[in-house]
Amino acid sequence: MKQRITLAATVAAALALPAAAHAHVTLQPNQAAAGAYVVESVRVPNETTDATTTKVEVQFPAGFAQVSYEPVAGWSARVAKEKLATPVKTDDGEVTEGVRTITWTAGAKADGIAPGQFRDFPLSVQIPGMAGDTLTFKALQTYNDGKVVRWIGAPTAAEPAPQVTVTAAAGDHGAPASGGTATTADASAAAPTVPAAATPSDGGDANTLSVIALIVGGLGLLAGGGALVASRRRPA
């Protein structure tokens with residue numbers, strides 16, 4: 001009996017894992033192309049039943065020189081930067097600072113994330129690194145009762161840090177872009193041969209030939225009839 005209860009508890013825990021995984025703090029989408037300018041949303045669910053999330057802090061990995069955030073009603077945002085060990089050269093000049101953290105704070109408990117709710121905090125960023133890299137964003141989620149959940153663990157941990165996988169930049173593989181312009185040779189090879197439509201003059205010639213054929217046929221019938229009459233008049 002005890003073994004059955006233990007087995008049932010294990011199965012129930014396994015079934016509960018997917019639901020719990022969806023409740024983690026994440027970045028959406030979790031994949032982005034290297035060098036691309038994208039909107040990444042920090043998605044923060046409330047995992048409690050009796051407290052409200054009133055503060056969210058996200059720590060950026062190295063390589064983010066700039067970040068823009070979308071205003072969220074009832075929340076203030078503060079971006080903190082730090083000096084880069086190695087300045088980064090851009091089209092706009094040399095960048096000596098990088099984004100370290102961004103912190104969102106609710107103006108009041110009523111503006112926070114209540115139990116059963118989630119909230120997205122959109123960011124506009126340029127994805128650093130190269131294809132195959134994994135960008136890890138550690139996050140701290142604070143509730144109004146003082147509890148702090150530290151989303152800083154490995155992907156298999158109970159409280160994993162949000163991650164974004166860097167994919168290949170557009171055109172890296174040399175494949176033609178979707179919807180690209182075909183060459184003249186390609187277009188000629190692909191285009192089916194369509195027979196030319198008949199013109200009005202073609203139709204007139206065909207009608208004339210039909211009339212002539214009818215006249216010739218009629219003359220042939222008359223000639224055959226005359227020969228038949230002549231043969232009957234001849235004496236035996």
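Values in this text are rule-based calculations from the coordinates and carry no lab data. None of these values were measured; they are calculated from a predicted model. Because the Cβ atoms are built from the backbone with ideal geometry, glycine has one as well, and the counts that use them run over all protein chains shown.
Footprinting exposure proxy ranking of Arg43, Arg100, Arg119, fewest other C-beta atoms within 10 angstrom first, gives Arg100, Arg43, Arg119. Note that the stretch 23-167 carries a Kirkwood radius of 15.8 Å, evaluated over its alpha carbons pair by pair. Cβ crowding within 10 Å, taken as a proxy for footprinting-reagent exposure, orders Asp120, Asp111, Asp145 from fewest neighbours to most as Asp145, Asp120, Asp111.
Residues Lys89, Lys109, ranked from the fewest to the most other C-beta atoms within 10 Å, line up as Lys89, Lys109.
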